[in-house]
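Presented below is the structure to which this report refers.
The values are calculated or read from the model by the stated rules, or taken from the named source; none is laboratory data. Just so we're clear, the structure is a prediction, and the values are computed from it rather than from any experiment. Quick reminder, even Gly has a Cβ in these numbers, built from the backbone with ideal geometry, and neighbours come from all protein chains shown. Side chains included, ligands, DNA and RNA excluded: accessible areas come from the protein's heavy atoms. Shrake-Rupley method; radii C 1.70, N 1.55, O 1.52, S 1.80 Å.
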Amino acid sequence: MSSTSDYQSICVMGLGYIGLPTASLLATKGFKVTGVDVSQKVVDTINRGEIHIVEPDLDILVKSAVHSGNLSASLEPVEADVFIIAVPTPFKDGGPDHISGKKPDLSYIEAATKKIAPFVKPGNLVILESTSPVGTTDEVVATILKSEGHKVGEEVYVAHCPERVLPGRILIELVENDRVVGGINEASTKVTVNFYERFVRGAVLATTAKTAEMVKLTENSSRDVQIAFANELSMICETESIDTWEVIELANRHPRVNILQPGPGVGGHCIAVDPWFIVDRSPDCSNLIRTARQVNDAKPNWVVERVKKCAGKFKEPKIACLGLAFKADVDDLRESPAFDIVKQLEAGNVGELLICEPNIREHSDFPLVAVNVAVKRADIVVLLVDHKEFCGLKAIDLSEKVVVDTRGVLK
Ligand code: SAJ
């Protein structure tokens, strides 16, 4: 076993948008990394040096990590110096609860912790990177490890270090961003700070596990509230026939105003999810955070109503829907407002839908059409995602069309 300042082997639980980039980065920095995933397909893909998600430069990194012999994927954990848990924290099934909204599902964290428990040895470090409700590192991870006989805090160190990387810039931000590290005790914090300082160029900031959990939820809730402001503004401006993007651009010329951009809603597995973790634990003090979530969640329906209104002017409307992903230049459809809008238009038989998503090859629910074909055939062009392929559309291509531009890029 290496000493805590010389950890060499890493076991990363979960090979998704955070786990895979983290595992491959560590492997290219010389650590011996085993990435663990529940999907045989994911494991096989990575062991071939290929990837199953879209993220700039990740393909090159994974290929070189696997070919160097420092990264391999597996269905089962192995013994290691450091265990990093990077599994999803979605909602529980069953829909919104009338008091708090939605309840976090911690079963993936529980399962990953139980799975590594037999492989953990004295001197090891267990890090939870998954975004988690306040208390999870202690109440779930440390508690499970204790129940499996580990002397947590004395012999086995446990900490939370929330991931903060932006999809589309993951490989840059994994290294450059400051990191917040909170151990379940001071020894755990210290060991974890030392570990991250070996590969992070940003500052590694020490705090407690609970504070680190709250910091992460605060970051995403703050962004959600600010986007809700922009989305509310866009609905107000529409009723006044004012261009929202011009309003925001001009207002942002004030030295102390910095409004974000409206869109078709807020998607992804982070900003649309994490604020509910705060509301769930503190329902009586989180009115603003809850309301922002509701404003952003209501925006797709507002877009659908606008498209329906436009479609009502045509006998057999053909509607180009540009984009399904939750944001620009990614292939991720999770919690995507664009996807939700297209589904609603389909269910409402609003017209013939010509759906474009240049970042995925095919989708089991819809046939996908090339953007030039869709725009040419369409009466109505609904821009849902500001993918680079759409931003280049020329005014001449759209001159005869009714345009619903939810991102303000087709000026
Ligand atoms: N959006 C807008 N208007 C804006 C900015 C974003 O409508 O002005 C929408 C996007 O289109 C998208 C959603 O918000 O649907 C979220 O996109 P995003 O780019 O704001 O954030 P994510 O979900 O890709 O990543 C966020 C980041 N958090 C913050 O910026 C505070 C990232 O740093 C986190 O690591 C990530 O959540 C996470 O995993 O928690």
(request) Can you tell me how much longer the chain between D331 and K315 gets when fully stretched, taken as 0.36 nm per residue apart minus their C-alpha distance, in nm with one decimal? (result) 2.4 nm
(request) Provide Rg over Rh for the chain; use the alpha carbon set for both Rg and the Kirkwood Rh (inverse mean inverse pair distance). (result) 1.01
(request) Could you quote the convex hull projected area for the range 218-405, Cα atoms only and averaged over all directions, in nm²? (result) 11.9 nm²
(message) Using a 1.4 Å probe on the protein heavy atoms only, what accessible surface does F83 show? Give it in Å² to the nearest 10.
(response) 0 Å²
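Please work out how much length the chain gains when fully extended from I360 to E76, using 0.36 nm per residue of separation minus the C-alpha to C-alpha distance, in nm with one decimal.
Values: separation 284, 0.36 × 284 = 102.24 nm, distance 2.95 nm.
Gain on extension, I360 to E76, equals 99.3 nm.
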(message) Assuming 0.36 nm per residue, please report the length gained on full extension of the stretch L166 to S39 beyond their Cα-Cα distance.
(response) 43.3 nm
(message) As a test question: what accessible area, to the nearest 10 Å², does D397 have when a 1.4 Å probe is rolled over all protein chains in place?
(response) 70 Å²
(request) Place a +1 charge on the Cβ of each Lys and Arg in the range 10-103 and a -1 charge on the Cβ of each Asp and Glu, then give the dipole magnitude about the Cα centre in debye, rounded to the nearest 20. (result) 100 debye
(message) Using the Cα centre of the chain as origin and beta-carbon charges of +1 (Lys, Arg) and -1 (Asp, Glu), tell me which of L250, S222, A206 is placed farthest towards the positive end of the dipole.
(response) L250
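Can you bin the range 50-148 into rounded, prolate or oblate? Criterion: square roots of the alpha carbon gyration tensor eigenvalues sorted a ≥ b ≥ c, rounded for a/c under 1.5, prolate for a/b above b/c, oblate for the rest.
The shape class here is oblate.
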(request) Can you pull the one-decimal nm distance between simple spin-label points at T239 and F119, each 7 Å off the Cα toward Cβ? (result) 5.6 nm
(request) Would you mind checking the tilt of helix 209-239 against the longest principal axis of the Cα atoms of the chain, expressed as 0 to 90 degrees and rounded to 10? (result) 0 degrees
(request) Report, by chain and number, residues whose modeled amide H sits under 5 Å from the one on N124, excluding near sequence neighbours (fewer than 5 apart, same chain). (result) Y157
(message) Tell me the Rg and the Dmax, in Å, that the Cα atoms of the range 152-239 produce.
(response) 17.0, 62
(request) Name the residue farthest towards the positive end of the dipole of the chain from the options T113, A370, F339, assuming +1 on Cβ of Lys and Arg, -1 on Cβ of Asp and Glu, about the Cα centre. (result) A370
(request) Mind giving me the nanometre distance, one decimal, between the label points for T291 and E352, set 7 Å out from Cα along Cα→Cβ? (result) 4.5 nm
(message) Tell me the carbon and sulfur percent of the accessible area for the chain, rounded to whole percent, probe radius 1.4 Å.
(response) 52 percent
(request) Could you work out how far helix 287-311 tilts from the main Cα principal axis of the chain, as a 0 to 90 degree angle to the nearest 10? (result) 40 degrees
(request) State the volume of the convex hull built on the alpha-carbon positions of the range 339-400, expressed per residue in Å³ and rounded to an integer. (result) 85 Å³
(message) Limiting things to C-alpha atoms, what are the Rg and the maximum Cα-Cα separation (Dmax) for the range 4-202, in angstroms?
(response) 16.2, 52
(message) If N is the number of residues in the range 215-328, what value comes out of its Cα radius of gyration divided by 2.2 N^0.38 Å?
(response) 1.21
(request) Rounded to the nearest 500, what is the 222 nm mean residue ellipticity of the chain from helices alone, with -39500 (n - 2.57) per DSSP H run of 4+ residues and division by all residues? (result) -11500 deg cm²/dmol
(request) Could you rank E305, E362, E238 by how accessible they are, 1.4 Å probe, largest area first? (result) E362, E305, E238
(message) At 7 Å along Cα-to-Cβ for each site, give me the label-to-label distance between E50 and E154 in nm.
(response) 5.0 nm
